Amino acid sequence: MGKERCSLSFLFGMFCLLAVGQKDGVANIEEYVAQGKVLYAEHCLSCHQEDGGGAGNMNPPLIQTSYVLGDRATLIKVLLNGMSQEEIDGESYYNVMPSFSYLTDTDIAHVLTYVRNSFGNNASAITVEDVAEVRKEDDKR
Ligand code: HEC
């Protein structure tokens, strides 16, 4: 009996992996968002806060900003290279955004997909391939 159960759930698992909603080239966006939420709590929340609201003129919000909703490559570069002293939608912030280049391509894809689909944002997923491509281009410089 255990054996049937096992192969049934295996088949179901395969079905989920292969067949479920291919949004924006991502097999399972819910999985990206769930993983991204954990990563966000670990790496981002202390500065950008649980609701993505930021902290005054210290850390910017991640709600509907041109970086969060905009060009994927630009957004990925913010994580790979960090950021400081840039104006964000007309505002300045005095803290420094550290580089997260030590995270894997998968982790960066997960956390950015989470950010782009939380806090009232609704933008396309960032795929692992997107991150790999930007990292490769960046390394050439
Ligand atoms: C030490 C505090 C700190 C941490 C930790 C941090 N950030 Fe930031 N982040 C900043 C600051 C400060 C800026 C703005 C830098 C500037 O003004 O140039 C910023 C800018 C950004 C921006 C672009 C501007 C915007 O508001 O849209 C994004 C996107 C972003 N961070 C995402 C993240 C994500 C995702 C993580 C976690 C992986 C993270 N940050 C972790 C402080 C932080």
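The values are calculated or read from the model by the stated rules, or taken from the named source; none is laboratory data. Just so you know, these numbers come straight off a predicted model, no measurement behind them. Cβ: placed from backbone, ideal geometry, glycine included. Neighbour counts: every protein chain shown.
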For region 80-98 the number of residues that are under 19 Å from Ala41 (Cα atoms) and more than 6 Å from the ligand (Cβ to nearest atom) is 2
Yes or no: Ile63 among the β-branched types (Val, Ile, Thr) and touching a Gly at 6+ places or on another chain (Cβ under 9 Å)? yes
Conditions first: (1) exposed (fewer than 11 other Cβ atoms within 10 Å of the Cβ); (2) modelled with pLDDT of 95 or more. Asp139 passes all but one, so which condition is the exception? (2)
Kindly indicate whether Ser101 is touching a Lys or Arg at 6+ places or on another chain (Cβ under 9 Å), more than 7 Å from the ligand (Cβ to nearest atom), polar (S, T, N, Q) and touching a residue at least 60 places away in the same chain (Cβ under 8 Å). no
When you go through Asp130, Asp107 one by one, which is the residue that is more than 7 Å from the ligand (Cβ to nearest atom), surrounded by 14 or more Cβ atoms within 10 Å (Cβ to Cβ), within 12 Å of the chain's Cα centre (by Cα) and closer than 14 Å to Cys44 by Cα? Asp107
